[in-house]
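The values are calculated or read from the model by the stated rules, or taken from the named source; none is laboratory data. From a predicted model like this one, the values you see are computed outputs, not experimental measurements. In this analysis, Cβ positions are derived from the backbone assuming ideal geometry, glycine residues included, and neighbour counts consider all displayed protein chains. The area values use the complete protein model at the heavy-atom level, side chains included, leaving out ligands, DNA and RNA. Shrake-Rupley method; radii C 1.70, N 1.55, O 1.52, S 1.80 Å.
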Amino acid sequence: ENIDEKAFVERVILFDTGIARSATRGLNEVLDAYLTRDATRYSCILESLAIHDEIVVALENGDYTHLGMLATRYWNFRCLLDPGATNKKLQYLFESPDIKSLSDGGLITGAGGGGFALIIARHGYTNQLKDRLNSLKDESGYLNSRVVSYGLNSTGIKLTETST
């Protein structure tokens, strides 16, 4: 509720990786880990759920450095839970020194495997990080990638009835 929308949009970069994905595969992996209670993968589910509350607190406190760390932790659990959620191109976004030096961390949204990344810019490095991410479209595997502009909607959807 008390999230500074301007700070959020400034620090949290939405990046379309341009990599197509299939969510069904990842969802089946998570369901399998849950149903079989596989020791390693099930503990990843529990630990990643615990991170959700910490993410809310970091956002309410405007602590984007901590948010980046939590996002990375969450992403790492996601990759342990479902190794198919990531690949070399996706991991590059989080492990490449030239991107890592400009960011506090991040994750791939949804089931992973492609789609969108949320990358938390280090304080004061938003434009440099956006420029670096946008330059990826010149590299093989990222031809359709781009930083996406967005805004937050703190009021939600409002419906108005009209008589006809």
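Would you kindly identify the helices (runs of 4 or more DSSP H) lying entirely within the stretch 42-104 that contain at least 2 residues that are under 18 Å from Ala7 (Cβ atoms) and free of Cβ contacts under 8 Å to residues at least 60 places away in the same chain?
Working: elements: 64-81, 88-95, 97-100.
Ranges flagged: 64-81.
Could you check how many residues of the stretch 142-164 are in contact with a helix residue (DSSP H, G or I) (Cβ under 8 Å, 6 or more places away or on another chain), under 18 Å from Gly115 (Cβ atoms) and open to solvent by 40 Å² or more (accessible area, probe 1.4 Å)? Let's see the steps before the verdict.
Here is the first cut: in the stretch 142-164, the residues in contact with a helix residue (DSSP H, G or I) (Cβ under 8 Å, 6 or more places away or on another chain) are 142-147, 150-152, 154.
Now narrow it down to the ones that are under 18 Å from Gly115 (Cβ atoms): 142-147, 150.
With the extra rule that they be open to solvent by 40 Å² or more (accessible area, probe 1.4 Å), the set shrinks to 143-144, 146, 150.
Matching residues across the stretch 142-164 total 4.
Being closer than 29 Å to Asn2 by Cα, modelled with pLDDT of 95 or more, crowded, with 19+ Cβ neighbours inside 10 Å and under 16 Å from the mean Cα position of the chain (by Cα): is that true of Leu107 here? Break it down stepwise before answering.
Values: closer than 29 Å to Asn2 by Cα: yes; modelled with pLDDT of 95 or more: yes; crowded, with 19+ Cβ neighbours inside 10 Å: yes; under 16 Å from the mean Cα position of the chain (by Cα): yes.
Yes.
Only one of (1) closer than 19 Å to His123 by Cβ; (2) at pLDDT below 70 is not met by Val9, so which one is it?
(2)
What are the residues in the stretch 111-133 that are assigned to a helix (DSSP H, G or I) and open to solvent by 50 Å² or more (accessible area, probe 1.4 Å), if any?
To start, the set of residues in the stretch 111-133 that are assigned to a helix (DSSP H, G or I) comprises 126-133.
Result: Asn127, Gln128, Lys130, Asp131.
Looking only at the stretch 69-98, filter to residues that are closer than 19 Å to Phe8 by Cα and among the hydrophobic types (A, V, I, L, M, F, W, C); which one of those is surrounded by the fewest Cβ atoms within 10 Å (Cβ to Cβ)?
Ranking the candidates gives Met69 first.
For the stretch 1-15: of the residues being assigned to a strand (DSSP E or B) and open to solvent by less than 30 Å² (accessible area, probe 1.4 Å), which is farthest from Leu133 (Cα to Cα)?
Filtering the stretch 1-15 for residues assigned to a strand (DSSP E or B) gives 12-15.
Then keep just the ones that are open to solvent by less than 30 Å² (accessible area, probe 1.4 Å); that gives 12-13, 15.
Details: Val12: 13, Ile13: 10, Phe15: 8 Å.
Selected residue: Val12.
Out of Asp98, Asp63, Asp104, which single residue is in contact with a strand residue (DSSP E or B) (Cβ under 7 Å, 6 or more places away or on another chain) and of a type in the set (D, E, K, R)?
Values: Asp98 fails: in contact with a strand residue (DSSP E or B) (Cβ under 7 Å, 6 or more places away or on another chain); Asp63 fails: in contact with a strand residue (DSSP E or B) (Cβ under 7 Å, 6 or more places away or on another chain).
The unique qualifying residue is Asp104.
Is there a residue being open to solvent by less than 70 Å² (accessible area, probe 1.4 Å), modelled with pLDDT of 80 or more and not acidic (Asp, Glu) anywhere in the stretch 41-54?
yes
Looking at the stretch 125-164, which of its residues are charged (D, E, K, R), without any contact (Cβ under 8 Å) to a residue 40 or more places away in the chain and under 20 Å from Leu102 (Cα atoms)?
The first filter runs over the stretch 125-164 and keeps only residues charged (D, E, K, R), leaving 130-132, 137-139, 146, 158, 161.
From the residues that got through so far, the ones that are without any contact (Cβ under 8 Å) to a residue 40 or more places away in the chain too are 131-132, 138-139, 158, 161.
Within the stretch 125-164, Asp131, Arg132, Asp138, Glu139 meet the criteria.
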